[in-house]
Amino acid sequence: MFHYFEELIKKHDFVSFKKRAFWHFTFKDILAILCSAAIPIALATYTAIGSQQQKKEAEKTRQFDLEQSRELRQQTLYDEFINNIFKLDNYGYLKERKNPWAFANAYYRAAHRQWDTIRKADVIQFLKEKHLIGRNNCTNECKTTNLDDIIRLNKLNFDNVYLASEIGALHQLDLECVAFHQISMSNGKFSSVSLNGASFDGAQLDKVTFNSSSLVCASFNGVNLSGADFGNSNLTSAQFSNSDLSGAKITEDQIKQASFHNVTMPNGEKSETTSSTTTKEPITQTTTIIKTKKATTTSPSSTTTTGLCIQVTYPYDAHSYWAMENISADSISNLSGTALNSPTYMNGGMNGGYTLRLISSSNQYITIPTYQSFVSTSFTVEMWIYPTSLSSGTSYGLFSQYESLTQDHNLYLILSGGNLKMGFWNDDVTSETALLANTGYHVAFVYDNSSQTQIIYLNGVQDISRSSAGPYLGASGAIHIGNYYDGSNHTFDGYIDEVTLYMNARSASDILSDATLTTWHSFDCGISFDSGPNRINGMASNVMLASGRVGQGLSFISSSSYYQLYGFVGLGISNHPYSISLWIQRTSTGGGTLVHVSENRDESGWCVDFMGFSSSGQIIGVSYDGVIRDVVGPVVSTNVWTHVATTFSTTNGVRLYVNGSLIGSTGAMVYSASGKVNTVTLGNHRVGGCSVNSIDPGTFYGYLDEFRLYSRELSPVDVIALANP
């Protein structure tokens, strides 16, 4: 028994030993396993962490390389553009607006779409420094009508672009006189930039910032400026019209500096606008060229407009208008043309801009492929022409549409030798007056379908008419400007400008106005807008809109106040007739200049005070034939509206009218003109050195309204009508 228990105990001890041994082995084994496993796990973990870091580094490297690639591409595009512009300039293609400027312009626009905001800003500065933008567009920091830029910025995107001076307010970045027409520059920023005379007409400038910048005489017509911030910028004589300033940050002082017409102000209210139901029309009783928001009613003797004025850049009731400002585009409808055989555009157009130059020997003309029907309908075509050669027996096309050489299927308005001719093929009329080469003319061709009459006008006056004509029946064919086809081309030799098509028979008074009303500033359509047919907009310096004789007028308030207009071709031609009409209200006595004419926009060179006051306050009318010839009138009372006018012809000389009454005249005399496109400055002669006369030159203090300049001698009846609006 004891042996049994002894064996059992031994067996138990053996088992316990084995069990203890097992547990001891198992723990060590597990520990060893854990230790041996920890190394590769740690290594794996370390490797994983290292791999993540490598990936991050690799991603950083990739992003850096990508950014460098983008930067390199942007810089390459920029460098190529600069180099290619240099080549174009070196070859002479950017001088005097030679035809290849169009390629440079298209090239810039294509490159612009690929640049980032930094390069867009850099290129703007380059273009300005190279005088490819902001060229001759303003005088004394203020905008004129003449847009002379090689590169056009219109309709391009400059969102988020930042333009700033490198040295801050110490020296502003020069972007003066640049035309930013119809651009988008949302969230853009100007910092320490001189934008004097710049134009933002039609632009999208929401949330744009102007910080420490100068906007003297800047123009904002039809601009979205919602949320804009003008900071501490100078807005002296800036012009805001038909624009949205809702939510904008602009101080009371800045509002006093600028002028506002039909503008939604920061508080959501409309700027104060003076409207008038008084008839405002040229003396010829023509339909007004001002568009209105409300109806325009017309009677045979008057035209009444009501509502707010809307500025338009083309004849109000025209169907098509080709301004010939470096392009053959139709500003109104879809009749844009294509230039054939590389005609050019030259300085010296009828409004001081550009004009189409055609060379007959090069077979140059404009073709308009889009069909326009003239079948059994009335129409009028007007244009300015300057033939450089006229040969007997030679035809020179002005405006035509060819279908076939069948009666009434070939429309042509031409010069036949030196005579104007209008016809539909074997159905035509020829003018009685012979034109001269190297002379400018306004010509108009009218077909009245109701009376079946063809009429030709020369310089606004009917030259000849023919009844029982037409109707025209040609149902196809392109329009040609400067060419006539009768089996072969007959192209024009000279200059063509301001071509206008009306799909009605214009009246004689309308055509007289178009031909001779050179400019008309009523000031009811903004401070600078020309309500006449030539759109010679003004540039204002330290003048303000105020209550006028009819609607709104201008207030001249300081010694630096003046109102300037450029683009008067007729005033620069010796012996050319002219007439000047305006309303004035003096607020001071003594001398002063009302109308100053000069050959240069800085008023250097040839210059004459055409109208002003003697030191005792007498009104004086003047012209120049090598010496001053003047007519001295009565003293003009202060604080009373007075109508004054002067007319000139070689037969009657200068005639002076006050309130419609003829005061006196110089008698027959010649007019020795500058021979240049002239500038007219109102209210200030600005510089000395001009021909001395009875006028005591200086600043005019007071109010001025209804300024009109005609390229003909007004009759006494015409003047009386202007003096009684």
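The values are calculated or read from the model by the stated rules, or taken from the named source; none is laboratory data. Everything numeric in this text was worked out from a predicted model, so none of it was measured. Cβ coordinates were reconstructed from backbone atoms using ideal geometry, including for glycine residues, and neighbour counts include every protein chain displayed.
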(request) Return the only residue of ASN438, ASN449 being surrounded by fewer than 19 Cβ atoms within 10 Å (Cβ to Cβ), modelled with pLDDT under 95 and out of contact with any Asp or Glu (no Cβ under 9 Å at 6 or more places or on another chain). (result) ASN438
(request) Just need a number here: residues in region 675-725 that are among the hydroxyl-bearing types (Ser, Thr, Tyr) and free of Cβ contacts under 8 Å to residues at least 40 places away in the same chain. (result) 1
(request) Output the residues belonging to region 577-636 that are farther than 16 Å from LEU656 by Cα, small (Gly, Ala, Ser) and assigned to a strand (DSSP E or B). (result) GLY592, SER598
(request) Look at GLY698 and say whether it is among the small types (Gly, Ala, Ser) and touching a Gly at 6+ places or on another chain (Cβ under 8 Å). (result) yes
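Only one residue in ALA444, ALA437 is assigned to a strand (DSSP E or B) and either under 36 Å from the mean Cα position of the chain (by Cα) or not aliphatic (A, V, I, L, M) (or both), so which one is that? Give the derivation first.
Numbers: ALA437 fails: assigned to a strand (DSSP E or B).
Unique residue meeting the criteria: ALA444.
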(message) Where the second residue is acidic (Asp, Glu) and the first is in contact (Cβ under 8 Å) with a residue 24 or more places away in the chain and lies in region 331-342, which pairs have Cβ atoms under 8 Å and are six or more apart or on separate chains?
(response) SER336/ASP330; GLY337/ASP330
(request) Write out, first by first residue and then by second, each pair whose Cβ atoms fall under 7 Å of each other, whose residues are 6+ apart or on separate chains, and whose first residue, in region 424-439, is farther than 21 Å from TYR386 by Cβ while the second is loosely packed, with under 14 Cβ neighbours inside 10 Å and at pLDDT 95 or above. (result) TRP425/LEU405; TRP425/THR406; TRP425/GLN407; ASN426/GLN407; ASP427/GLN407
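Out of ARG708, ARG655, which single residue is of a type in the set (D, E, K, R), crowded, with 18+ Cβ neighbours inside 10 Å, farther than 27 Å from ASP524 by Cβ and modelled with pLDDT of 95 or more? Talk me through it step by step, then tell me what you get.
Values: ARG708 fails: farther than 27 Å from ASP524 by Cβ.
The match here is ARG655.
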(request) Kindly indicate the residue of region 222-237 that is closer than 21 Å to VAL543 by Cα and at pLDDT 90 or above and also surrounded by the fewest Cβ atoms within 10 Å (Cβ to Cβ) among those meeting that condition. (result) ASN234
(message) Quick check on my filter: what residues within region 528-548 are under 21 Å from TRP641 (Cβ atoms), crowded, with 24+ Cβ neighbours inside 10 Å and not small (Gly, Ala, Ser)?
(response) VAL543
(request) Mind telling me which of the residues ARG70, ARG135, ARG109 ends up being part of a helix (DSSP H, G or I) and either at pLDDT 75 or above or in contact with a Lys or Arg (Cβ under 9 Å, 6 or more places away or on another chain) (or both)? (result) ARG109
(request) Could you tell me which residue of region 508-527 is nearest to GLY553 (Cα to Cα), considering only residues that are hydrophobic (A, V, I, L, M, F, W, C) and either buried (at least 24 other Cβ atoms within 10 Å of the Cβ) or at pLDDT below 90 (or both)? (result) PHE523
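Restricted to region 422-432, and to residues that are out of contact with any Phe, Trp or Tyr (no Cβ under 6 Å at 6 or more places or on another chain) and surrounded by 15 or more Cβ atoms within 10 Å (Cβ to Cβ), which residue is nearest to ASP510 (Cα to Cα)? Break it down into steps so the answer makes sense when it comes.
Going through region 422-432, the residues out of contact with any Phe, Trp or Tyr (no Cβ under 6 Å at 6 or more places or on another chain) turn out to be 425-432.
Of the ones still in play, those that are also surrounded by 15 or more Cβ atoms within 10 Å (Cβ to Cβ) are 425, 427-431.
Details: TRP425: 28, ASP427: 26, ASP428: 23, VAL429: 21, THR430: 22, SER431: 20 Å.
Here the residue is SER431.
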(request) Specify the residue that is modelled with the lowest pLDDT; the eligible residues are those in region 238-290 that are in contact with a Phe, Trp or Tyr (Cβ under 6 Å, 6 or more places away or on another chain) and in a strand (DSSP E or B). (result) PHE260
(request) Kindly provide the set of residues from region 151-169 that are at pLDDT 80 or above, among the aliphatic types (A, V, I, L, M) and part of a loop (DSSP other than H, G, I, E, B), ordered by number. (result) ILE151, LEU153, LEU156, VAL161
(message) Looking only at region 561-570, filter to residues that are surrounded by fewer than 24 Cβ atoms within 10 Å (Cβ to Cβ) and more than 19 Å from ALA218 (Cβ to Cβ); which one of those is farthest from the chain's Cα centre (by Cα)?
(response) GLY570
(request) Pick out the one residue from VAL208, VAL178 that is of a type in the set (Val, Ile, Thr) and within 18 Å of the chain's Cα centre (by Cα). (result) VAL178
(request) May I ask you to say which residue of SER579, SER558, SER604 is out of contact with any helix residue (DSSP H, G or I) (no Cβ under 6 Å at 6 or more places or on another chain) and either crowded, with 24+ Cβ neighbours inside 10 Å or under 16 Å from TYR710 (Cα atoms) (or both)? (result) SER579
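Within region 397-404, can one find any residue that is of a type in the set (Asp, Glu) and under 26 Å from ASP510 (Cβ atoms)? Lay out the reasoning, then the answer.
Step one: list which residues in region 397-404 are of a type in the set (Asp, Glu), which gives 403.
From what is left, the residues that are under 26 Å from ASP510 (Cβ atoms) are none.
No.
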(message) Go through region 598-623 and report how many residues are of a type in the set (Gly, Ala, Ser) and under 14 Å from CYS690 (Cβ atoms).
(response) 5
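Taking the residues in region 699-718 that are of a type in the set (Phe, Trp, Tyr) and outside any loop (DSSP other than H, G, I, E, B) as candidates, determine which candidate is farthest from the chain's Cα centre (by Cα). Quick ask: steps written out before the conclusion?
Residues of region 699-718 of a type in the set (Phe, Trp, Tyr): 700-701, 703, 707, 710.
Still in the list and also outside any loop (DSSP other than H, G, I, E, B): 703, 707, 710.
Working: TYR703: 27, PHE707: 21, TYR710: 23 Å.
It comes out as TYR703.
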